[in-house]
């Protein structure tokens, strides 16, 4: 009787560890596939002639966007079913972040900027 009880406990532990390992495996495969698909789509969507510079959401499905096409910047009204050009904007009228030419900052750039600010805060003794 005692032997049967210990076998059931052992079986339940083995079953738990097996399910846990399968769960971790599925999470790892999901993370890998998501990263691969993201890189694939980014590679296909990155172009040198068109870029979304900035977007402002007006309502649920209405936006005003500044788009660079070639060397021109356009203001567009984007709705659910239509896209309307509002005007062309001269480049000198636009404000770009620190030394940028209109391209969006990547995650590494934002992280480096935050780390640099944290280092400066620690040096100044302003660490919270």
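The values are calculated or read from the model by the stated rules, or taken from the named source; none is laboratory data. Values in this document were obtained by computation on a predicted structure and should not be read as measured data. All Cβ positions, even for glycine, are placed from backbone atoms using ideal geometry, and neighbour counts span all protein chains on display.
Considering only the stretch 28-45, I want to know if a residue exists there that is farther than 27 Å from residue 110 by Cα, at pLDDT 90 or above and assigned to a helix (DSSP H, G or I). Yes. Against the list (1) on the phi < 0 side of the Ramachandran plot; (2) assigned by TED's automatic domain parsing to the domain that holds residue 106; (3) at pLDDT below 95, the condition residue 76 fails is (3). Quick one: would you say residue 18 is free of Cβ contacts under 8 Å to residues at least 40 places away in the same chain, over 22 Å from the mean Cα position of the chain (by Cα) and in a helix (DSSP H, G or I)? Criteria met by residue 18.
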